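The values are calculated or read from the model by the stated rules, or taken from the named source; none is laboratory data. In this text the structure is predicted, and so the values were computed from the model without any measurement. A quick note on method: Cβ atoms are made from the backbone with ideal geometry, for glycine too, and the neighbour counts reach across all protein chains shown. Surface areas here come from the heavy atoms of the whole protein model, side chains and all, with no ligands, DNA or RNA. Shrake-Rupley method; radii C 1.70, N 1.55, O 1.52, S 1.80 Å.
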Amino acid sequence: MRVLILICLLLVSATGQRPVRLAEFSLPKLDGQTLRSDDLKDKIVILDFWATWCENCVSEIPEFNKLEKEYSSRGVKVIGLAVQSGWASDIQKFAEQYNMRYTVLVGNDDTVSDFGVISFPNTYVIGPGWKLYKKYSGVSETKAADIRRDIETLLKTKH
């Protein structure tokens, strides 16, 4: 069934139709509270799939901290979705060590599968309505600037 859904999603995005609504989730934050994707439906979200053992993921933390500081007051939410990284307590220690200033969720294999993540880091720029605007796989020198441009575009169309 998942394969059929993925094929349909690929066909819809390939034909240039409406933006694709993403998979829903309900996941624990590091403080033990739960965050549901439905709580984010009216926001612009930068959702970064990462792992504590991924050096490229760790190298992006300072840029995500900057994005959080720069845009949180304008309704943009930066979320790091940690997967394959141990228990919440392990990830909490890591987040403190690397001074992560944005929301960190503890993901699982289902979340990775539901979003079609096959490598790390994988960053989704999500517009209002929980719809995929753009996806970035891996790292690049221009990724942070590209995401800023995406955010500015979405902020203009949101109003």
**OP:** State all residues of the stretch 23-46 that are in a strand (DSSP E or B) and more than 12 Å from the chain's Cα centre (by Cα); if no residue qualifies, say none.
**Re:** Ser26, Leu27, Pro28, Lys29, Thr34, Leu35, Arg36
**OP:** Filter the stretch 74-113 down to residues that are part of a strand (DSSP E or B), open to solvent by less than 30 Å² (accessible area, probe 1.4 Å) and free of Cβ contacts under 8 Å to residues at least 40 places away in the same chain, then give me how many there are.
**Re:** 3
Original post:
Would the stretch 29-48 turn up any residue that is under 20 Å from Lys93 (Cβ atoms), exposed (fewer than 15 other Cβ atoms within 10 Å of the Cβ) and among the small types (Gly, Ala, Ser)?
Top reply: yes
Subject >> In the stretch 64-73, the residues that are buried (at least 18 other Cβ atoms within 10 Å of the Cβ) and not charged (D, E, K, R) >> reply: Phe64, Leu67, Tyr71
Original post:
Can Val76 be described as touching a Lys or Arg at 6+ places or on another chain (Cβ under 6 Å) and at pLDDT 95 or above?
Top reply: no
**OP:** Select from the stretch 127-156 the residues that are among the hydroxyl-bearing types (Ser, Thr, Tyr) and free of Cβ contacts under 8 Å to residues at least 24 places away in the same chain and list them in ascending order.
**Re:** Tyr136, Ser137, Ser140, Thr142, Thr153
Subject >> Glu70 of a type outside the set (Phe, Trp, Tyr) and at pLDDT 95 or above >> reply: yes
**OP:** Output yes when any residue across the stretch 58-71 is within 11 Å of the chain's Cα centre (by Cα) and touching a residue at least 40 places away in the same chain (Cβ under 8 Å), and no when none is.
**Re:** no
Original post:
Can you name the residue in the stretch 1-22 that is at pLDDT 50 or above and part of a loop (DSSP other than H, G, I, E, B) and is also nearest to Thr123 (Cα to Cα) among such residues?
Top reply: Leu22
Original post:
Restricting attention to the stretch 53-111, which residues are in contact with an Asp or Glu (Cβ under 6 Å, 6 or more places away or on another chain) and over 20 Å from Glu141 (Cα atoms)?
Top reply: Arg101, Tyr102
**OP:** Quick one: Tyr136 ticks every box in (1) open to solvent by 30 Å² or more (accessible area, probe 1.4 Å); (2) hydroxyl-bearing (Ser, Thr, Tyr); (3) in a helix (DSSP H, G or I) except a single one, so which number is it?
**Re:** (3)
